[in-house]
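The values are calculated or read from the model by the stated rules, or taken from the named source; none is laboratory data. Fair warning: this is a prediction, and the values are worked out from it, not measured in the lab. Note that we place each Cβ from the backbone using ideal geometry, even for glycine, and neighbour counts take in every protein chain shown.
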């Protein structure tokens, strides 16, 4: 009785399969890198856009959005809201918006009602919601933090790779120094330390940062 020969893959066939797998992996990795670069560009554009919107608002109304005493009489939607008018933003960058404030959320309502940024203006609370950033966190403003003085704009929930890339594009790439700084962020949002960060970026695949810059 004749023995049956077992068929198998030839070296050429195995080589072809390995090449195909390599191309697929390369395409996946390239796609992931393109997505990351798109997020970096999107967040950078948003930060620059907020700075431009603030300057335009100040040029038109001679006041800082969020701390503009004339806003309540200018837009009836804001009746009942009060601000200090001291050219300083009160409240944290991640404060929950309400029907009356705080100034760090009214900042967004003032810009939206003035037409400088897009968003829902059906209620004060909706108009005051912080915009989402491309990494899945929020963008907010407050007065000072991380050693920065004056009004700062912050984006949070940034993976280390994205945070450091943004810092390198806009400043010196160091979380501890310059006009762009970042602090390691825990599982829940917390007030920013007043002093400059003491540690630089660490990309271990699990670290997330809140990054801030002066307006």
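Applying the criterion of being more than 14 Å from residue 179 (Cα to Cα) and touching a helix residue (DSSP H, G or I) at 6+ places or on another chain (Cβ under 8 Å) to the residues of the range 206-215, the residue that is surrounded by the fewest Cβ atoms within 10 Å (Cβ to Cβ) is 207.
So which of 47, 106, 111 is surrounded by 20 or more Cβ atoms within 10 Å (Cβ to Cβ), in a helix (DSSP H, G or I) and in contact with a helix residue (DSSP H, G or I) (Cβ under 7 Å, 6 or more places away or on another chain)? Break it down stepwise before answering.
Values: 47 fails: in contact with a helix residue (DSSP H, G or I) (Cβ under 7 Å, 6 or more places away or on another chain); 106 fails: in contact with a helix residue (DSSP H, G or I) (Cβ under 7 Å, 6 or more places away or on another chain).
Step by step, each of 47, 106, 111 is checked, and only 111 is surrounded by 20 or more Cβ atoms within 10 Å (Cβ to Cβ), in a helix (DSSP H, G or I) and in contact with a helix residue (DSSP H, G or I) (Cβ under 7 Å, 6 or more places away or on another chain).
Only one of the numbered conditions (1) part of a helix (DSSP H, G or I); (2) touching a strand residue (DSSP E or B) at 6+ places or on another chain (Cβ under 9 Å) is not met by residue 66, and that is (1).
Mind checking whether some residue in the range 19-28 is assigned to a helix (DSSP H, G or I), within 26 Å of the chain's Cα centre (by Cα) and either modelled with pLDDT of 95 or more or exposed (fewer than 13 other Cβ atoms within 10 Å of the Cβ) (or both)?
There is at least one residue in the range 19-28 that is assigned to a helix (DSSP H, G or I), within 26 Å of the chain's Cα centre (by Cα) and either modelled with pLDDT of 95 or more or exposed (fewer than 13 other Cβ atoms within 10 Å of the Cβ) (or both).
Among the residues of the range 120-139, those that are surrounded by 21 or more Cβ atoms within 10 Å (Cβ to Cβ) and over 18 Å from residue 187 (Cα atoms) comprise 124, 127, 128, 130.
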